[in-house]
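Here the structure comes first, spelled out in structure tokens, and everything after it is commentary.
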Amino acid sequence: AKEMGRDSYKSYAPQLTTKYDQKLLIEKKLRHALELRSFELFYQPQVDLKNQQVVGAEALLRWHDKELGTLPPDVFIPIAEKSGLIIQIGDWVLEEACREAKTWADNGQALRVGVNISPLQFQRPDFVNKVKKVLQRTGLDPSLLDLEITENDLLYHQEESLDTLRRLKAEGIRISIDDFGTGYSSLSYLRQFPVDTLKIDKSFIKDVLMNKKDQAIVTSIIQLAHNMKMRVIAEGVETKNMLPFLFEQQCDEMQGFLYSRPVPAASLAEYMEASRSA
Ligand code: C2E
Ligand code: CA
Ligand code: CA
Ligand code: CA
């Protein structure tokens with residue numbers, strides 16, 4: 001900002017500042033939001049393709065700032081990662097998601113809850129103990145917690161990752177590979193990593209009916225997963241006409257705008273209640 005002094009605050013308006021200033025502002029506001037616990041989790045249903053039942057929900061972080069508006073996680077999570085704030089934000093997300101899933105179970109609707117884990121969280125030596133403590137505090141059945149990790153993150157410190165995964169599996173916690181197919185890895189890691197679910201990235205699903213190559217990739221991922229006793233979730237399912245293809249390929253679950261956008265916890269609970277009494 002050129003003019004310092006009393007009006008310098010105004011110059012923080014996003015369009016007037018450099019990218020660097022913007023990031024600093026977002027970081028400052030993230031810190032504040034963390035203190036005030038002013039984040040929110042939305043939940044997006046995951047639906048079993050065979051019986052159309054909701055079997056899980058992915059927790060997705062939402063943040064509204066008075067001045068900056070609603071910023072998408074793709075914008076603020078990288079900043080939270082660079083500043084290290086993602087550790088505390090991630091702790092909050094994990095605890096909040098487990099607490100919410102526990103209320104679903106208590107209300108007779110045991111759904112899995114998917115929680116996105118940043119590589120910085122996953123690589124911390126205390127990660128497994130943290131997760132165990134959250135499960136103890138919230139009373140959530142470990143088999144209802146599904147940690148979503150991307151393949152690049154797992155392969156960064158391969159030996160430590162394998163050890164962490166084994167300890168999580170020993171607790172009965174579920175592991176999903178997020179955005180599967182978009183990493184740079186070879187497939188060989190799947191031989192040794194104890195993984196329950198592959199989530200096929202939405203970029204392969206988007207044009208799957210028109211694009212033969214995407215079709216080949218999706219079909220191969222499903223076969224690979226099933227041959228290795230893993231489940232498959234298709235992400236980013238937006239249109240009805242994809243369902244026959246996914247069903248025919250025996251994809252296990254789908255997640256996407258077709259069924260529901262991510263919604264506040266209360267809306268999901270209401271929906272589940274309505275579908276039960278229907
Ligand atoms: P992701 O884990 O791949 O999450 C799925 C994203 O796809 C979500 O975006 C979701 O709203 C969007 N989506 C769902 N269905 C559809 C669809 O049918 N079509 C399209 N085009 N998009 C769909 P969102 O909520 O903006 O999150 C973006 C990313 O931010 C997430 O990608 C994840 O990497 C990250 N993220 C979100 N919440 C958290 C969190 O609590 N912790 C961490 N570490 N990362 C998070
Ligand atoms: Ca995810
Ligand atoms: Ca994903
Ligand atoms: Ca992602």
Leading residue by the ranking (farthest from residue 270 (Cα to Cα)) among those in segment 113-134 that are touching a Leu at 6+ places or on another chain (Cβ under 8 Å) and surrounded by fewer than 21 Cβ atoms within 10 Å (Cβ to Cβ): 128
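Specify the residue that is nearest to residue 114 (Cα to Cα); the eligible residues are those in segment 189-222 that are basic (Lys, Arg) and within 16 Å of ligand 2 (Cβ to nearest atom). It would help to see each step written out before you state the result.
Let us first name the residues in segment 189-222 that are basic (Lys, Arg), namely 191, 199, 202, 206, 212-213.
Next, only the ones that are within 16 Å of ligand 2 (Cβ to nearest atom) stay: 199, 202.
Numbers: 199: 11, 202: 16 Å.
Taking the candidates together, the pick is 199.
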Within segment 194-230, which residues are within 14 Å of ligand 1 (Cβ to nearest atom), of a type in the set (A, V, I, L, M, F, W, C) and in contact with a Gly (Cβ under 9 Å, 6 or more places away or on another chain)? 198, 200, 204, 205
Contact list, first residue from segment 24-38 and within 16 Å of residue 92 (Cβ to Cβ) and buried (at least 16 other Cβ atoms within 10 Å of the Cβ), second anywhere and among the small types (Gly, Ala, Ser) and modelled with pLDDT of 95 or more, beta-carbon distance below 6 Å, six or more apart or interchain, is 30/80
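In segment 98-131, which residues are within 12 Å of ligand 1 (Cβ to nearest atom) and among the polar types (S, T, N, Q)? Give the steps one after another, and end with the answer.
In the first step, residues of segment 98-131 are kept if they are within 12 Å of ligand 1 (Cβ to nearest atom); the result is 113-122.
Matches in segment 98-131: 116, 118, 121.
Sort out which residues of segment 150-178 are surrounded by fewer than 19 Cβ atoms within 10 Å (Cβ to Cβ) and in contact (Cβ under 8 Å) with a residue 24 or more places away in the chain, and write them in order of number.
Pass one, segment 150-178, residues surrounded by fewer than 19 Cβ atoms within 10 Å (Cβ to Cβ): 152, 155-160, 162-163, 166-167, 169-172.
Residues satisfying the conditions are 152, 155, 156, 157, 158, 160, 162, 166, 167, 169, 171, 172.
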Residues satisfying the stated conditions in segment 106-126, i.e. closer than 30 Å to residue 277 by Cβ and either within 16 Å of ligand 2 (Cβ to nearest atom) or part of a loop (DSSP other than H, G, I, E, B) (or both): 107, 108, 109, 110, 111, 112, 113, 114, 115
Return only the number of the condition from (1) part of a strand (DSSP E or B); (2) farther than 11 Å from residue 177 by Cβ that residue 208 does not satisfy. (1)
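Taking the criterion of being free of Cβ contacts under 8 Å to residues at least 24 places away in the same chain, away from ligand 2 (no atom under 14 Å from the Cβ) and either closer than 24 Å to residue 236 by Cβ or in a helix (DSSP H, G or I) (or both), would at least one residue in segment 127-134 satisfy it? Even if it seems obvious, please write down each step before you answer.
Residues of segment 127-134 free of Cβ contacts under 8 Å to residues at least 24 places away in the same chain: 129, 133.
Retained after the next criterion (residues that are away from ligand 2 (no atom under 14 Å from the Cβ)): 129, 133.
Still in the list and also either closer than 24 Å to residue 236 by Cβ or in a helix (DSSP H, G or I) (or both): 129, 133.
Yes: one or more hits.
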Kindly list, by first and then second residue, each pair from a residue in segment 231-246 that is closer than 17 Å to residue 48 by Cβ to a residue that is among the acidic types (Asp, Glu), limited to pairs with Cβ atoms under 6 Å and residues at least 6 apart or on different chains. 231/252; 232/252; 233/253
In segment 164-173, anything more than 18 Å from residue 188 (Cβ to Cβ) and part of a helix (DSSP H, G or I) is listed as 164, 167, 168, 169, 170
Just name the residue that is modelled with the lowest pLDDT out of those in segment 49-97 that are within 9 Å of ligand 1 (Cβ to nearest atom) and not in a helix (DSSP H, G or I). 72
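Looking only at segment 29-44, how many residues end up being basic (Lys, Arg) and at pLDDT 95 or above?
Here is the first cut: in segment 29-44, the residues basic (Lys, Arg) are 29, 31, 37.
Retained after the next criterion (residues that are at pLDDT 95 or above): 29, 31.
So the count comes out to 2.
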Could you look through segment 135-149, keep only residues that are surrounded by fewer than 16 Cβ atoms within 10 Å (Cβ to Cβ) and assigned to a helix (DSSP H, G or I), and pick out the one that is nearest to ligand 1 (Cβ to nearest atom)? 137
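The values are calculated or read from the model by the stated rules, or taken from the named source; none is laboratory data. Source: prediction; values computed, not measured. Counting neighbours? That spans all protein chains shown, and the Cβs are built from the backbone with ideal geometry, glycine included.
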